[in-house]
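Below is one structure, written out as structure tokens, with a few remarks after it.
The values are calculated or read from the model by the stated rules, or taken from the named source; none is laboratory data. Since we're looking at a predicted model, the values are computed, not measured. No Cβ is skipped: glycine too gets one built from the backbone with ideal geometry, and neighbour counts run over all protein chains shown. Remember, those area values only see protein heavy atoms, side chains included, never the ligands or the DNA or RNA. Shrake-Rupley method; radii C 1.70, N 1.55, O 1.52, S 1.80 Å.
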Amino acid sequence: MPTDTKRVRGPDVSQSPFLFWSRPAEVLPSHEPRADGRQRDQVDVRPVFVRCGLVSQAKGSAYIEAGNTKVLCCVYGPRETERKDETDMKSGRLTTDMRFAPFSCPERGSWIQGSQDKDFSLMLQESLQPAVCLHRYPRSQIEVNVMVLENSGSILAHAITCASMALADAGIEMYDLVLGCSLRQDGGSYVVDPTYPEENSWRSGSGEKRGGLTVAFLPSLNQVSGLQSDGEMAEETLTAGIRTCIEGCYKLYPVIQRALIKAVRRAAPPPAES
């Protein structure tokens, strides 16, 4: 019997569509302790593991791991600007590209850059650009590529910190490092460095004083280079949240400094024998 080539044949083995049903995020109570044991209403960030110089093909690279959040960043350049119409004779150009691996989130994504990836790339560029001495690299561009291997919350803040370390590892002249910290406000309570379920819990609820905040901070200069917030928060709540995020950045600062010092010592040539 001839084969019907016009008909789309289904798979031999099928599964119920309810297995792939996306359940709405559960609203976590704001008065109970956090799932990972950290305290509410305190500057309690997750333990961080950082390391520089993991990618040999890049000019500079860094890896950061906070809980289950894992981010890898590579820096290429400075190199000649590809498009002549974008060449600046007095200043360089910083380009950022932030992408999520398909397996990084509970809902599988694609390699094609979506709207969320583009928004994060723009926020990353706005946070890093004030700290980079672009006037030292005229007619050049510096490329920052961030790959999110696993998203377990506060992804933008950790991507900012990881990209800043990669720039320092590449030897790019900077005014200061850029550290990121996130906060989630839920009524009268807040959590610092929220996890993925904690970030999605307030989005599923409604009411006032619910929102998220991410701050990019230059610790040595004591300046804020980037600020991103969403939700509904009063001016006093937003101001207090910024101060809390700055305190969280200061807690990360010694860890980042030690990681960069270790990277410099590894890359330094051994002392010559007399």
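Below, the figures for the structure above:
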item: Given (1) open to solvent by 40 Å² or more (accessible area, probe 1.4 Å); (2) modelled with pLDDT under 90; (3) within 24 Å of Glu126 (Cα to Cα); (4) not acidic (Asp, Glu), index of the condition Thr237 fails; result: (1)
item: Qualifying residue in the stretch 84-104 (condition: of a type outside the set (Asp, Glu), touching a Gly at 6+ places or on another chain (Cβ under 8 Å) and within 19 Å of Ser182 (Cα to Cα)); result: yes
item: Selection status of Glu173, open to solvent by 10 Å² or more (accessible area, probe 1.4 Å), under 25 Å from Arg266 (Cβ atoms), without any contact (Cβ under 8 Å) to a residue 60 or more places away in the chain and not β-branched (Val, Ile, Thr); result: yes
item: Odd one out for Asp97, checked against (1) over 16 Å from Asp169 (Cα atoms); (2) touching a residue at least 12 places away in the same chain (Cβ under 8 Å); (3) over 13 Å from the mean Cα position of the chain (by Cα); result: (3)
item: Complete set of residues in the stretch 62-85 that are open to solvent by less than 50 Å² (accessible area, probe 1.4 Å) and under 14 Å from the mean Cα position of the chain (by Cα); result: Ala62, Tyr63, Ile64, Ala66, Gly67, Thr69, Lys70, Val71, Leu72, Cys73, Cys74
item: Subset of the stretch 213-234 (residues that are hydrophobic (A, V, I, L, M, F, W, C) and either more than 14 Å from Thr161 (Cβ to Cβ) or surrounded by fewer than 17 Cβ atoms within 10 Å (Cβ to Cβ) (or both)); result: Leu213, Leu221, Val224, Leu227, Met233, Ala234
item: Any hit, the stretch 212-220, residues being over 21 Å from the mean Cα position of the chain (by Cα) and assigned to a loop (DSSP other than H, G, I, E, B); result: no
item: Close pairs (8 angstrom Cβ cut-off, 6 or more residues apart or separate chains): at negative phi in the stretch 247-266, of a type in the set (D, E, K, R) and part of a helix (DSSP H, G or I) anywhere; result: Leu260/Asp169; Ala263/Asp169
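To keep it simple, each residue is scored yes or no on (1) part of a helix (DSSP H, G or I); (2) open to solvent by 10 Å² or more (accessible area, probe 1.4 Å).
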residue: Asp117; (1), (2): yes, yes
residue: Phe120; (1), (2): yes, yes
residue: Pro138; (1), (2): no, yes
residue: Gly153; (1), (2): no, no
residue: Ala157; (1), (2): yes, no
residue: Leu167; (1), (2): yes, no
